[in-house]
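The values are calculated or read from the model by the stated rules, or taken from the named source; none is laboratory data. Computed from a predicted structure; not experimentally measured. Note that we place each Cβ from the backbone using ideal geometry, even for glycine, and neighbour counts take in every protein chain shown.
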Amino acid sequence: MNVLVFILLSLLKVAVVTVIFLTAVAYTVLLERKLVGRIQNRWGPSRVGPFGLLQPLADGIKLFLKEDLMPDEVARPLFILAPIIALSCALISIGVIPFGENIRWHGVDMFQIADLNIGLLVILGVTSIGVYGIALSGWSSNNKYSLLGSLRSTAQMISYELALGLSVIGVVLRTGSLRLRDIVNVQNTHGILSWNIFGGLQLIAFFIYLTAAFAETNRTPFDLPEAESELTAGYHTEYSSMKFAMFFMAEYANMINVGCVATLLFLGGWSSPFGNLLPAFGGPLVQALLPVFWFVAKVFCFLFLYVWVRGTLPRFRYDQLMGFGWKFLLPLAIANVMVSSLALAFRG
Amino acid sequence: MHLALFIIFGLMCLGGAVNLLLQRHPINSALSLIVVMSSLAVLYLLLGAEFLALAQIIVYSGAIMVLFVFVIMLLNAGEEERTHGSRAAYLAGIPGVMALFAVLTSTFFTLRTSFGSARLGGFLVTTQDLSRVLFRNLLLPFEVTSILILVAILGAVVLAGKER
Amino acid sequence: MAVPIAWYLILSAALFSIGVFAFLIKRNIITIFMSIELMLNAVNLAFVAFANHWHQVSGQIFVFFVMVVAAAEAAVGLAIIIAVYRSRETLNVDQINLMKL
């Protein structure tokens, strides 16, 4: 009986998290269109529903009902497999992310799907598998724009993965664990002062992570894989209908994932920025949901930053992009690892 | 549970390896090798090597194989053609490989009782255990491999760099 | 339900044999290189299985070192393949039969 309850609750948890995540993905698209609209001094979508709030629904219906074109010369199995790889890799990461205190109900952790000893590595691993979605889509499309886009993207992603991996080492050194809950627990003693970005002296690491994450998710200013002005649409030129929508969703899901990981690693996860200064109020339910609110608020700030950067910065040239990754970010990340490990060693 | 997972992922390993053998196009072979490597990661988890399982995914499936796929795409490698060289390999290879497999399998099979069996959670190496041995007892080999990597980077840059 | 270590070892032997066979019959230099990786992986599985049997961490450390060496090998090997392709414009090992690049 207990096992049955456990399995049912776990399945329910997975379903709820997936639905919320997909809704968040849809509304991130709307957020981006609205904000970019305001940055460019126009309104953005405003016709469907109040303030355009139903726009994601309309977009979804449109993409779903479009004709699913299958070009003649594509490598068929890989052409279908590529968007599936991209989307599933983007959706897996949310499974190890904790978004609230460890509150158990019938033995089930309510605010995390799976608590792993090596949670951080799982996220890095899933991200590194996600490259195949883009690489295969470009190759199987049998189109030179797609191939160029995916070659660029693959090279860009393996280059920036190094800086990304090195930037989190300082955080892991401070925690002494790869478990995401441990990483957050180290940071929630004195509010904002003990967050890794300030208290852990990882400000440079945060900057490296931020830059590398922008490159990993193929966002402006590193969106060369899909640079419209030179490659039509890059790796997804030949895709239409739902298969295109899967790439689209994967991109935004990856943005949210990166935001969640940045929040956990550098911004103190679900811990309140005020520490214990804010007196406890409300019942146990409020106390359980307040950390989730902080977590979502931090991720939202990160997404806002994403859109802000997109609306502001121009695109890099390709040689500048590679030079920046290898000649600036990588040495900086190595220096950061050395300085933080020396600091930790002297502190004791 | 352990048995079921072993059978599923063991068969995926074997299937991927056989598919690597049968496919004519290098990119299909590369993809089947990725399947083999990822299933091996699950087998490592079953054997209690959690850090290695993820290192397998990140290093092998996520870095080395991406490099392979990248080179295949870059050189636009087509389907391979069978030539006379492969017939000699068939003649010598099939009996040799069969003999190798028979020797190994019979050895392991006769020793199967002394090997015992693996239980889920019977032996778990955490990252801390692994790093304690790596950075205390084996620090010198670890540093030597870093020199190896440095030499490899230099070699790769020189070989693949622009011709002067 | 426990699984005998010997089964893991037999699986590793099978993977290794397939790797050797693929190494012999494949004609594309990239695929040949991939079958070497397959052999390395098969040996790694045997190492992890032995580590589990002896309850020793060193077996896993060895796999770690094999991974590092494999990464270095892949980088240099693929660079050599690119260099060969540049001068000979083929990936078929039968046509790469001169000692010079």
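Here are a few things to note about the model shown:
- Qualifying positions in region A:52-76 - part of a helix (DSSP H, G or I), surrounded by fewer than 14 Cβ atoms within 10 Å (Cβ to Cβ) and over 23 Å from the mean Cα position of the chain (by Cα): A:61, A:62, A:64, A:65, A:76
- The set of residues from region A:303-315 being buried (at least 20 other Cβ atoms within 10 Å of the Cβ) and in contact with a Leu (Cβ under 9 Å, 6 or more places away or on another chain) comprises A:303, A:307.
- The residues on offer are C:22, C:46, C:42, and the sole one that is facing chain B (nearest Cβ under 7 Å), among the aliphatic types (A, V, I, L, M) and touching a Ser or Thr at 6+ places or on another chain (Cβ under 8 Å) is C:22.
- Candidate set from region B:114-134 (those that are part of a helix (DSSP H, G or I) and touching a helix residue (DSSP H, G or I) at 6+ places or on another chain (Cβ under 7 Å)); member that is farthest from residue C:64 (Cα to Cα): B:115
- Of everything in region A:26-77 that is of a type in the set (Asp, Glu) and within 15 Å of residue A:252 (Cβ to Cβ), the residue that is modelled with the lowest pLDDT is A:59.
- Residue A:159 being crowded, with 22+ Cβ neighbours inside 10 Å, polar (S, T, N, Q) and farther than 20 Å from residue A:92 by Cβ: no
- Screening region A:88-178 for helices (runs of 4 or more DSSP H) wholly inside it with 3 or more residues that are free of Cβ contacts under 8 Å to residues at least 40 places away in the same chain returns the ranges A:119-129, A:144-167.
- Test: residue in region C:65-81 that is within 7 Å of chain B (Cβ to nearest Cβ) and over 23 Å from residue B:157 (Cβ atoms): yes
- Test for residue A:238: is it modelled with pLDDT under 80, part of a helix (DSSP H, G or I) and not hydroxyl-bearing (Ser, Thr, Tyr): no
- The residues in region B:97-155 that are touching a residue at least 24 places away in the same chain (Cβ under 8 Å) and facing chain C (nearest Cβ under 9 Å) can be counted, and the count is 7.
- In the set B:84, B:25, B:2, only one residue is at pLDDT below 90 and touching an Asp or Glu at 6+ places or on another chain (Cβ under 7 Å); that residue is B:25.
- Selection within region B:120-137: residues that are under 23 Å from the mean Cα position of the chain (by Cα) and of a type outside the set (Phe, Trp, Tyr). The member of this set that is surrounded by the most Cβ atoms within 10 Å (Cβ to Cβ) is B:125.
- Condition broken by residue A:293, with the remaining ones in (1) under 17 Å from residue A:100 (Cβ atoms); (2) crowded, with 16+ Cβ neighbours inside 10 Å satisfied: (2)
- Top-ranked residue of region A:186-228 - restricted to ones that are free of Cβ contacts under 8 Å to residues at least 24 places away in the same chain and over 21 Å from the mean Cα position of the chain (by Cα), ranked as surrounded by the fewest Cβ atoms within 10 Å (Cβ to Cβ): A:228
- Test result for residue A:33, part of a helix (DSSP H, G or I), within 19 Å of the chain's Cα centre (by Cα) and either aromatic (Phe, Trp, Tyr) or farther than 18 Å from residue A:97 by Cα (or both): yes
- Residue within region A:77-92 that is under 25 Å from residue A:184 (Cα atoms), aromatic (Phe, Trp, Tyr) and crowded, with 19+ Cβ neighbours inside 10 Å present: no
- Qualifying position, being among the aliphatic types (A, V, I, L, M), at the interface with chain B (Cβ under 10 Å from one of its Cβ atoms) and surrounded by 21 or more Cβ atoms within 10 Å (Cβ to Cβ), among A:164, A:151, A:121, A:180: A:121
- Which numbered condition residue B:75 fails, given (1) more than 9 Å from chain A (Cβ to nearest Cβ); (2) surrounded by 13 or more Cβ atoms within 10 Å (Cβ to Cβ); (3) touching a residue at least 40 places away in the same chain (Cβ under 8 Å): (3)
- Identity of the residue in region C:71-80, aliphatic (A, V, I, L, M) and under 16 Å from the mean Cα position of the chain (by Cα), that ends up farthest from residue B:62 (Cα to Cα): C:76
- Residue within region C:82-89 that is among the polar types (S, T, N, Q) and in a strand (DSSP E or B) present: no
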